[in-house]
Amino acid sequence: MGEEKIYDTVIIGAGMSGLAAGIRLAQYDKSVCILERHTVPGGLNSFYRQKGRNFDVGLHAMTNYAAKGTRSGPLSRLLRHLRLSWDELGLIPQLGSGIAFPGITLEFSNQFDLLVSQVAEKFPKQIDGFRKMVASLVDYDQLGLGASGGSSKEFVGSFISDPLLVNMLFCPIFFYGGARESDMEFGQFCIMFRSIFLEGFARPYEGVRHILTKLLKKFKTLGGELRLHASVKKIVTQSDSASKLILDDGTEIRAKRFLSSAGWRETMRLCGLEESENAVSPGKLSFVETISVLDRDPKRLGHRKTILFFNDSESMTYKKPDELIDLRSGVICSPNNFDYGKPLGEGQIRITALANFDRWAELDPHRYQLEKLRCYDRLIGSAVRFVPDFRGNIIETDMFTPLTVTRYTGKDAGAIYGAPEKKYDGLTPLRNLYVCGTDQGMVGIVGAIVSGITIANRYLLAK
């Protein structure tokens, strides 16, 4: 028998963070293998095909948009470290988005001056405080890998006294990165505010498939190994180290170092350490999302917003709902409404809302299917209070629930943004096991990719 191969690094999960870390390691001739439990990569940001149509999973839009030639910020850092050109990502900026509360809408785009002018027009007494708050935000480079604690609600409240404006600003930030109920850690708030408002939204014409194709090609060209349908059953430990992985089919894989993008709790469970002092509280926040295919472009119906965040009262509740879904607030996204310069094809509208994992998990299979149909109708009905009624133009639908999230990502309780406590340094109790991705503290496509790069640079290349 030949000598058993020992990789330099094995990565659990072929999501954006895992792929980025794999590319970074392979650039330096490290032997690296990425293990993915499913038959396609992408994790939280993937795609599937149904009835001849391609659907994105997770991607409403990429945040952190930066124009070609920009030298600072996460997108520029991503391109530099992965040795990709700006053109390779094929990013198309948004047409414009909004935050709609009863009787008032704040419009914003990739030009921050628009939001500033909207706040000045609609909250004139708050504009000075708003400008001071923006000036006080911590930059990405200052955050590093350390936690920057404290309540973001207290931070914003120290500059802005109108609770309506506070709630409107938090609405997109919560929906696009809130792992905690009702508040957000200050450093995370700075990341999300910058990524959404100071930088903005973009999307490749072909959707998330385009990004995944580029990352996979880069990884494989550099000699990286990807194993699909390779689910990890156990991380075997010896003393203070991980020694090998055991897959569901019994295969054993050894490496000098291991990197997990599976989530902190999920990774600790694989090590048998979930009940130790390293345990963290599980995430409570999950979502449902409806996908409606239309017989025409939404712009022909009068809907031109790229993304509309809505809430039906002046106060906003961001917590796990008591019922299956929370109809009071949500996100309406149309992939058609980016500045492509050519038609995207069929119209599509996606609507996202908070959901209760436990309530969905209690349903038997028959009731589960019935409630999906019922909740689809209810959520569409909630959304058309804020956008033109498109129900007469729907030709195909789909919907995912918190159970879908768990089934395809392994995330406990369908918590897309992971545990409320993040592990910013990426370290675990085992000296050669690290975490990246959502529970390291970075969310969204760009954030996840930067997380993989950062952890690879700091620990896996340095050693």
Original post:
Among (1) at pLDDT below 95; (2) touching a Ser or Thr at 6+ places or on another chain (Cβ under 8 Å); (3) closer than 22 Å to Tyr459 by Cα, which single condition is Leu259 missing?
Top reply: (1)
Original post:
Are there any helices (runs of 4 or more DSSP H) wholly within the stretch 30-122 with 1 or more residues that are among the β-branched types (Val, Ile, Thr), and if so which?
Top reply: 112-122
**OP:** Sort out which residues of the stretch 92-114 are surrounded by fewer than 18 Cβ atoms within 10 Å (Cβ to Cβ) and more than 16 Å from Thr306 (Cα to Cα), and write them in order of number.
**Re:** Pro102, Gly103, Ile104, Asp113
Original post:
If a residue has to be part of a helix (DSSP H, G or I), more than 17 Å from Gly207 (Cα to Cα) and not β-branched (Val, Ile, Thr) to count, how many in the stretch 1-29 make the cut?
Top reply: 9
**OP:** Give me the pairs, please: first residue somewhere in the stretch 217-230 and on the phi > 0 side of the Ramachandran plot, second residue anywhere and not in a loop (DSSP other than H, G, I, E, B), beta-carbon distance under 6 Å, and either six or more positions apart or on two chains.
**Re:** Gly223/Ala26
Subject >> Filtered residues of the stretch 115-143 (kept if surrounded by 17 or more Cβ atoms within 10 Å (Cβ to Cβ) and in contact with an Asp or Glu (Cβ under 8 Å, 6 or more places away or on another chain)) >> reply: Leu115, Gln118, Phe123, Gln126
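So for the stretch 218-225 (the condition being buried (at least 18 other Cβ atoms within 10 Å of the Cβ) and touching a Lys or Arg at 6+ places or on another chain (Cβ under 9 Å)), does at least one residue qualify? Don't jump to the end; show me each part of the working.
Our first condition is that a residue be buried (at least 18 other Cβ atoms within 10 Å of the Cβ); within the stretch 218-225, this holds for 218-219, 222, 224.
Now drop any that are not touching a Lys or Arg at 6+ places or on another chain (Cβ under 9 Å), which leaves 218, 224.
Checked the stretch 218-225: at least one residue is buried (at least 18 other Cβ atoms within 10 Å of the Cβ) and touching a Lys or Arg at 6+ places or on another chain (Cβ under 9 Å).
Residues in the stretch 18-57 that are at pLDDT below 95, within 30 Å of Ile253 (Cα to Cα) and surrounded by fewer than 24 Cβ atoms within 10 Å (Cβ to Cβ): how many?
From the stretch 18-57, those at pLDDT below 95 are 37-57; that's our starting set.
When the remaining residues are screened for being within 30 Å of Ile253 (Cα to Cα), the result is 37-48, 57.
Still in the running and surrounded by fewer than 24 Cβ atoms within 10 Å (Cβ to Cβ): 37-41, 45-48, 57.
Looking only at that region, the number is 10.
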Original post:
Does Leu403 satisfy being at pLDDT 95 or above and over 28 Å from Gly15 (Cβ atoms)?
Top reply: no
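Condition check ((1) part of a strand (DSSP E or B); (2) closer than 30 Å to Phe47 by Cα) across all residues:
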residue: Leu245; (1), (2): yes, yes
residue: Lys256; (1), (2): yes, no
residue: Glu274; (1), (2): no, no
residue: Ala279; (1), (2): no, no
residue: Gly283; (1), (2): no, yes
residue: Glu289; (1), (2): yes, yes
Original post:
Among Asp240, Asp339, which is the only one that is among the acidic types (Asp, Glu), touching a residue at least 24 places away in the same chain (Cβ under 8 Å) and in the same structural domain as Ala61 (by TED's automatic domain parsing)?
Top reply: Asp240
**OP:** Being more than 25 Å from Cys333 (Cβ to Cβ), touching a helix residue (DSSP H, G or I) at 6+ places or on another chain (Cβ under 9 Å) and polar (S, T, N, Q) narrows it down to one of Ser182, Ser136, Ser195, so name that one.
**Re:** Ser136
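Counting residues that are under 30 Å from Val232 (Cβ atoms) and touching a Gly at 6+ places or on another chain (Cβ under 9 Å), which helices (runs of 4 or more DSSP H) fully inside the stretch 319-422 reach at least 1?
Values: elements: 357-361, 365-383, 402-409.
Those helices (runs of 4 or more DSSP H) span 357-361, 402-409.
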Original post:
Given Thr397, Thr352, Thr404, which one is of a type outside the set (Gly, Ala, Ser), closer than 25 Å to Pro335 by Cβ and surrounded by 20 or more Cβ atoms within 10 Å (Cβ to Cβ)?
Top reply: Thr352
Original post:
Take the residues of the stretch 406-444 that are within 24 Å of Phe186 (Cα to Cα) and polar (S, T, N, Q): which is modelled with the highest pLDDT?
Top reply: Thr428
**OP:** Would you be able to tell me the number of residues in the stretch 184-211 that are among the aliphatic types (A, V, I, L, M), in contact with an Asp or Glu (Cβ under 9 Å, 6 or more places away or on another chain) and surrounded by fewer than 21 Cβ atoms within 10 Å (Cβ to Cβ)?
**Re:** 0
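When you go through Lys214, Lys234 one by one, which is the residue that is surrounded by 15 or more Cβ atoms within 10 Å (Cβ to Cβ) and in contact (Cβ under 8 Å) with a residue 60 or more places away in the chain? So that I can check it myself, show each step before the final result.
Working: Lys234 fails: in contact (Cβ under 8 Å) with a residue 60 or more places away in the chain.
Going through Lys214, Lys234 in turn, just one is surrounded by 15 or more Cβ atoms within 10 Å (Cβ to Cβ) and in contact (Cβ under 8 Å) with a residue 60 or more places away in the chain: Lys214.
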Original post:
Applying the selection to the stretch 212-243, what residues are under 15 Å from Val32 (Cα atoms), of a type in the set (A, V, I, L, M) and in a strand (DSSP E or B)?
Top reply: Leu226
Original post:
When you look at Val40, is it over 18 Å from Asn457 (Cβ atoms) and either aliphatic (A, V, I, L, M) or in contact with a Cys (Cβ under 9 Å, 6 or more places away or on another chain) (or both), yes or no?
Top reply: yes
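A quick yes/no check of all residues on (1) surrounded by 20 or more Cβ atoms within 10 Å (Cβ to Cβ); (2) under 22 Å from Arg350 (Cβ atoms):
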site: Arg269; (1), (2): no, no
site: Gly272; (1), (2): no, no
site: Thr290; (1), (2): yes, yes
site: Lys305; (1), (2): yes, yes
site: Asp312; (1), (2): no, yes
site: Tyr318; (1), (2): yes, yes
site: Phe338; (1), (2): yes, yes
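The values are calculated or read from the model by the stated rules, or taken from the named source; none is laboratory data. Note that the coordinates shown come from a computational prediction; the quantities given were computed from them, not determined experimentally. Note that each Cβ is placed from the backbone with ideal geometry, even for glycine, and that neighbours are counted across all protein chains shown.
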